[in-house]
Amino acid sequence: MILVLMKIGLTMKFKFKSKGKNAWFRVKKVLEKANIVLEVLDARDPLATRSLDLESLIKNLNKKFLLVLNKTDLVPKNIAKKWVEYLKSFGYIVTAINAKNKKDIEKLKREIRSLVEEKPIVLAIVGYPNVGKSTLINGLKGRYVAETSPIPGFTKGEKLVKIDENFFIFDTPGILPLRKINLTELALKGFISPEKLKNPLTPALKLLNEILRLMPNLLQKTYKIKADDAYEVLKLLAAKRGFLLKGGELNIDEASRLILRDWQSGKLKFYKLPENFDL
């Protein structure tokens with residue numbers, strides 16, 4: 001099966017098989033019923049968590065579209081602002097929030113209402129794993145909002161939540177299928193748990209090399225470790241935490257998993273700047 005997407009005047013063809021194909025068609029079905037779509041990105045590395053395939057599909061469906069930089073609590077305010085301004089310079093509608101913050105949620109609701117003249121508003125939230133889609137949905141729903149009966153044109157299987165008389169939201173986030181990229185990239189994008197990696201060393205070294213290049217003081221601040229070499233960082237961390245194999249050898253894999261876990265959870269506060277990238 002081939003799904004044809006339009007991207008800036010070009011026809012892009014993507015072949016999806018089995019699970020990937022089904023996932024894309026589930027996302028497409030949700031998008032068709034929505035009149036505004038939010039793509040949730042990780043504010044620490046927005047470009048790595050974007051899907052140009054998704055954005056092409058949204059454009060082809062002629063839907064209102066908002067990029068939402070989430071997890072702003074994990075980056076300085078000026079960095080989040082830089083990313084917003086950078087993405088806006090390419091013509092995107094962009095906002096930055098912490099989905100756990102009630103004031104940010106109310107701000108986002110106002111932005112959504114300002115973008116959609118059609119009533120009722122039917123909102124779909126999509127994005128890659130671990131960017132905070134479910135947290136955002138729960139924030140928009142509020143504590144006391146229950147699932148509602150389908151509005152005209154929707155089936156019983158399509159769970160909508162009523163925010164108010166003219167505002168509905170799909171209760172389940174659209175999880176984008178992952179393209180065939182290597183496990184290192186999946187780990188660095190936060191799409192896969194470090195515990196599932198047979199070789200956590202490779203992505204940990206790549207992440208540490210980026211940290212040493214872009215934020216060299218971060219490791220000392222986080223772990224009280226000072227080293228100029230990525231592998232040496234892992235050795236020092238394993239020794240400091242008592243990560244040992246049988247026979248007393250340092251468990252470098254466990255130190256690697258710790259680095260990746262701390263990056264994914266936000267304990268290791270590494271982020272990227274827009275000026276080093278281009279769309």
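The values are calculated or read from the model by the stated rules, or taken from the named source; none is laboratory data. Everything numeric in this text was worked out from a predicted model, so none of it was measured. Cβ: placed from backbone, ideal geometry, glycine included. Neighbour counts: every protein chain shown.
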Filter result for LYS33 (charged (D, E, K, R) and over 23 Å from LYS109 (Cβ atoms)):
no
Evaluate the stretch 144-167: report whether one residue or more is crowded, with 16+ Cβ neighbours inside 10 Å, in contact with a helix residue (DSSP H, G or I) (Cβ under 8 Å, 6 or more places away or on another chain) and at pLDDT 90 or above.
yes
From LEU69, LEU57, LEU47, LEU41, residue being in contact (Cβ under 8 Å) with a residue 12 or more places away in the chain, in a helix (DSSP H, G or I), crowded, with 21+ Cβ neighbours inside 10 Å and assigned by TED's automatic domain parsing to the domain that holds LEU136:
LEU57
Of all residues being modelled with pLDDT of 95 or more and among the charged types (D, E, K, R) in the stretch 211-224, which is farthest from ARG241 (Cα to Cα)? Just the residue, please.
LYS221
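Residues in the stretch 236-259: is at least one charged (D, E, K, R) and part of a loop (DSSP other than H, G, I, E, B)? Working first, answer last.
If we filter the stretch 236-259 for residues that are charged (D, E, K, R), which is where we start, we get 240-241, 246, 249, 253-254, 257.
Checking the rest, the ones that are also part of a loop (DSSP other than H, G, I, E, B) come to 246, 249.
Yes, there is a match, as at least one residue in the stretch 236-259 is charged (D, E, K, R) and part of a loop (DSSP other than H, G, I, E, B).
Within the stretch 56-72, how many residues turn out to be of a type in the set (D, E, K, R) and under 14 Å from the mean Cα position of the chain (by Cα)?
1
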Out of the residues in the stretch 86-106 that are out of contact with any helix residue (DSSP H, G or I) (no Cβ under 8 Å at 6 or more places or on another chain) and closer than 26 Å to GLU275 by Cβ, which is surrounded by the most Cβ atoms within 10 Å (Cβ to Cβ)?
TYR92
Counting residues that are of a type outside the set (A, V, I, L, M, F, W, C) and surrounded by fewer than 16 Cβ atoms within 10 Å (Cβ to Cβ), which helices (runs of 4 or more DSSP H) fully inside the stretch 168-227 reach at least 2?
201-214, 218-223
Scan the stretch 119-138 and give yes if some residue there is of a type in the set (D, E, K, R), within 18 Å of VAL161 (Cβ to Cβ) and surrounded by fewer than 20 Cβ atoms within 10 Å (Cβ to Cβ), otherwise no.
yes
Failed item in (1) at pLDDT 95 or above; (2) buried (at least 23 other Cβ atoms within 10 Å of the Cβ), with ILE36 passing the rest
(2)
Given the options LEU237, LEU268, name the one that is in contact with an Asp or Glu (Cβ under 6 Å, 6 or more places away or on another chain) and not β-branched (Val, Ile, Thr).
LEU268
Only unsatisfied item for PHE270, checking (1) part of a helix (DSSP H, G or I); (2) under 25 Å from VAL131 (Cβ atoms), is (1)
Filter the stretch 74-96 down to the residues that are touching a Lys or Arg at 6+ places or on another chain (Cβ under 7 Å), closer than 21 Å to ILE137 by Cβ and not in a strand (DSSP E or B) and list them by number.
LEU74
